[in-house]
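Novice: First, the structure itself, so that you have it in front of you.
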């Protein structure tokens, strides 16, 4: 099995921290291959002396193992040779195993199913929709009107920015992000989807729940989705038809469609066994966006886009065209009107304090002692072989009543700009999300390439240039942080491998240290070519929740974490982003995020526990990650006199 592998000093393999085989207790029926370290010999390979039984005690499939492909090729050859020599088997029929590697999709109901009838009876517009895109481009306009902050606040910042979104590439350093997308309520096709999973005590369905659809006039309808939200969203996206010529000259992926968030508890629709804790906030909220503004940060170009449905009658098509042109013309007029007032930014009177109650600081769900004890439990799970890595989290909360949430987001993006930042407001849910996420969960672009960019490994910035560089190098060469990152890279290679063409999954960037306003982080990039027979939602199902928020192996780690964490993560650890009507999507990981719901601000934070973790150090890392969002809340409320 090791044929052709010379064992040079430059060769490396990934060996996990599982309990090793004991050389002294091995049967003489086995031939052993071992690796000598300064401490002891570790069994690396095993072979039965008579039978075709082989094993290795390392991870040849890992991105960190040099000769994984060669080992698997050798094993394949050994298998073929064995059966070709065997006189005991005259004929061996091998079934087509291609289907075994395919993702197992959820059952899709027929028209006769009650859930499908409910869908069709109460939401007629779920039938095929022929979408038409109209757009205009204004070269270099963003710089002339004060940038994306000014554009959003002037166009969508009135009335507390209710029912608005802003996918905000507030940090474009090192080419991390290029476009920002923003918009609000009002287009003819606009609607809001709000989904809540059933309580686990309700045994009628494992992952079903109730979906409420609100149109632009405020009318609502609620339906039960037996097969869950992702199944519904899959059908919605698949129902769109469109002309690729409409957007072929646009340099970005989002041309209209769904913008919102997937909460962490939707893991039950992606393979997790259950949710121990129910989220207080909705489990998913999305707008269907038919009018939007896009800023290209590389050249300050501004685009305005409007989508209409031409599937129905000529009269409807004409009205749709007029509605689109009217919005485009009105928005153009407002944008050009900003040129003369570009030195004026967001009206400060919107940030004036209102009567409110402010506590002195955040209250953490678990005390330092409780959190450290949970880390020790994680380490025991790892020593017992239950997991390789566990991403333990907690949350901290603070009263946040009658305060302008948009002003808080502006403070957060100023203090901690990030490439995958976002603002979302769902007024009827009393819910605002202020995210300064530096992490991409998953993206599908127009070429069919899937990309994940997990972050594992974080350290604070230094007070001086010398200290900053020292800390950066400390992170780069940290064995513990490399282990964290590597295990999640291998997990995501597996996740993408379930939905990508065989042989296309690769890692163009491994453990690169990137610097942000308050921290250095270790980032890897995993890419693969999506299989043509799978939908965008199939890709999300295969990888959600992001492995950087769970640990590895994912499903068992999720179960263990649910047993330790005393409340639902809610929106934290989920994803924010878009699903474009033309089958593209881009989603972040919800970290470094403030969730404001029912007059309370909450911030989630945590870290990956591996065998090299120190409990006290892990607690300090969790607090470091929470520092930027909690500081923004405290500073903002202090400025308002709270």
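The values are calculated or read from the model by the stated rules, or taken from the named source; none is laboratory data. All figures in this text were calculated on a predicted structure; none of them were measured in a lab. Counting neighbours? That spans all protein chains shown, and the Cβs are built from the backbone with ideal geometry, glycine included.
Novice: Does region 495-506 include one or more residues that are closer than 19 Å to residue 171 by Cβ, surrounded by 21 or more Cβ atoms within 10 Å (Cβ to Cβ) and under 17 Å from the mean Cα position of the chain (by Cα)? Don't jump to the end; show me each part of the working.
Specialist: First pass over region 495-506, keeping only residues closer than 19 Å to residue 171 by Cβ: none.
The answer is no; no qualifying residue exists.
Novice: Out of region 438-461, which residues are in contact with a strand residue (DSSP E or B) (Cβ under 8 Å, 6 or more places away or on another chain) and under 26 Å from residue 247 (Cβ atoms)? First the steps, then the outcome.
Specialist: To start, the set of residues in region 438-461 that are in contact with a strand residue (DSSP E or B) (Cβ under 8 Å, 6 or more places away or on another chain) comprises 438-445, 448-461.
Once the filter is applied, which keeps residues that are in contact with a strand residue (DSSP E or B) (Cβ under 8 Å, 6 or more places away or on another chain) and under 26 Å from residue 247 (Cβ atoms), region 438-461 yields 440, 441, 442, 443, 444, 445, 448, 449, 450, 451, 452, 453.
Novice: Suppose we filter 473, 491 for residues that are at negative phi and in contact with a helix residue (DSSP H, G or I) (Cβ under 7 Å, 6 or more places away or on another chain); which single one remains? Quick ask: steps written out before the conclusion?
Specialist: Numbers: 473 fails: in contact with a helix residue (DSSP H, G or I) (Cβ under 7 Å, 6 or more places away or on another chain).
Just one listed residue meets the conditions, 491.
Novice: Could you say whether any residue in region 540-556 is modelled with pLDDT under 95 and surrounded by fewer than 19 Cβ atoms within 10 Å (Cβ to Cβ)?
Specialist: no
Novice: Could you look through region 322-353, keep only residues that are more than 35 Å from the chain's Cα centre (by Cα) and farther than 23 Å from residue 295 by Cβ, and pick out the one that is modelled with the highest pLDDT?
Specialist: Looking at residues that are more than 35 Å from the chain's Cα centre (by Cα) and farther than 23 Å from residue 295 by Cβ, I get 322.
Novice: Another question about this same structure. Say whether the condition of being loosely packed, with under 15 Cβ neighbours inside 10 Å, more than 25 Å from residue 526 (Cβ to Cβ) and at pLDDT 70 or above is met by at least one residue in region 55-71. It would help to see each step written out before you state the result.
Specialist: Keep residues of region 55-71 that are loosely packed, with under 15 Cβ neighbours inside 10 Å, which gives 55, 69.
From what's left, more than 25 Å from residue 526 (Cβ to Cβ): 55.
Narrowing the set further to residues that are at pLDDT 70 or above leaves 55.
Yes, the conditions are met somewhere in region 55-71.
Novice: Test residue 373 against the criterion of being under 23 Å from residue 590 (Cα atoms), over 20 Å from the mean Cα position of the chain (by Cα) and either crowded, with 21+ Cβ neighbours inside 10 Å or in the same structural domain as residue 149 (by TED's automatic domain parsing) (or both), and give yes or no. Write out each step before concluding.
Specialist: Details: under 23 Å from residue 590 (Cα atoms): no; over 20 Å from the mean Cα position of the chain (by Cα): yes; either crowded, with 21+ Cβ neighbours inside 10 Å or in the same structural domain as residue 149 (by TED's automatic domain parsing) (or both): yes.
Judged against the criteria, residue 373 is not a match.
Each row is one residue, and each column tells you yes or no for (1) touching a residue at least 12 places away in the same chain (Cβ under 8 Å); (2) assigned to a helix (DSSP H, G or I); (3) surrounded by 15 or more Cβ atoms within 10 Å (Cβ to Cβ).
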{"position": "199", "(1), (2), (3)": "yes, no, no"}
{"position": "231", "(1), (2), (3)": "yes, yes, yes"}
{"position": "250", "(1), (2), (3)": "yes, no, yes"}
{"position": "277", "(1), (2), (3)": "yes, no, yes"}
{"position": "294", "(1), (2), (3)": "yes, no, yes"}
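Novice: Here's something else I'd like to know. Look through region 387-403, keep the residues that are out of contact with any helix residue (DSSP H, G or I) (no Cβ under 6 Å at 6 or more places or on another chain) and not in a strand (DSSP E or B), and return whichever of them is surrounded by the most Cβ atoms within 10 Å (Cβ to Cβ).
Specialist: 400
Novice: Let me ask something else. Name the single residue that is nearest to residue 499 (Cα to Cα) among those in region 513-529 being out of contact with any helix residue (DSSP H, G or I) (no Cβ under 6 Å at 6 or more places or on another chain) and in a strand (DSSP E or B).
Specialist: Going residue by residue through region 513-529, those that are out of contact with any helix residue (DSSP H, G or I) (no Cβ under 6 Å at 6 or more places or on another chain) are 514-517, 519, 521, 523, 525, 527, 529.
With the extra rule that they be in a strand (DSSP E or B), the set shrinks to 514-515, 519, 521, 523, 525, 527, 529.
Numbers: 514: 28, 515: 31, 519: 33, 521: 28, 523: 22, 525: 17, 527: 11, 529: 8 Å.
Only one residue fits best here, namely 529.
Novice: Turning to a different aspect of this structure: For region 440-457, indicate whether the set of residues that are more than 17 Å from the chain's Cα centre (by Cα), modelled with pLDDT of 95 or more and part of a helix (DSSP H, G or I) is non-empty.
Specialist: No, because not a single residue in region 440-457 is more than 17 Å from the chain's Cα centre (by Cα), modelled with pLDDT of 95 or more and part of a helix (DSSP H, G or I).
Novice: Just give me the residues in region 199-216 being at pLDDT below 95 and within 10 Å of residue 229 (Cβ to Cβ), in sequence order.
Specialist: 207, 208
Novice: Could you list, in sequence order, all residues of region 427-440 that are closer than 18 Å to residue 598 by Cα and surrounded by 24 or more Cβ atoms within 10 Å (Cβ to Cβ)? If you could, list the steps in order and put the result at the bottom.
Specialist: Taking region 427-440 first, the residues closer than 18 Å to residue 598 by Cα are 427-435.
If the condition is that a residue be closer than 18 Å to residue 598 by Cα and surrounded by 24 or more Cβ atoms within 10 Å (Cβ to Cβ), then 432, 433, 434, 435 are the ones that fit.
Novice: Next question. Here is a list: 601, 552. Which entry is in contact (Cβ under 8 Å) with a residue 12 or more places away in the chain, farther than 27 Å from residue 443 by Cβ and in contact with a helix residue (DSSP H, G or I) (Cβ under 6 Å, 6 or more places away or on another chain)? Step through it out loud before you land on a result.
Specialist: Values: 552 fails: farther than 27 Å from residue 443 by Cβ.
Being in contact (Cβ under 8 Å) with a residue 12 or more places away in the chain, farther than 27 Å from residue 443 by Cβ and in contact with a helix residue (DSSP H, G or I) (Cβ under 6 Å, 6 or more places away or on another chain) holds for just one of 601, 552, which is 601.
Novice: When you go through 433, 382 one by one, which is the residue that is within 23 Å of residue 194 (Cα to Cα) and in the same structural domain as residue 576 (by TED's automatic domain parsing)? Don't jump to the end; show me each part of the working.
Specialist: Working: 382 fails: within 23 Å of residue 194 (Cα to Cα).
One residue alone meets the criteria, 433.
Novice: Inspect region 168-186 for any residue being under 20 Å from residue 581 (Cβ atoms) and without any contact (Cβ under 8 Å) to a residue 24 or more places away in the chain and give the result as yes or no. Outline the logic, then answer.
Specialist: Initially, region 168-186 is screened for residues under 20 Å from residue 581 (Cβ atoms), giving 179-186.
Subset that is without any contact (Cβ under 8 Å) to a residue 24 or more places away in the chain: none.
No, every residue in region 168-186 fails to be under 20 Å from residue 581 (Cβ atoms) and without any contact (Cβ under 8 Å) to a residue 24 or more places away in the chain.
Novice: In the set 424, 408, which member is surrounded by 24 or more Cβ atoms within 10 Å (Cβ to Cβ) and either farther than 16 Å from residue 180 by Cα or out of contact with any strand residue (DSSP E or B) (no Cβ under 9 Å at 6 or more places or on another chain) (or both)?
Specialist: The conditions single out 408.
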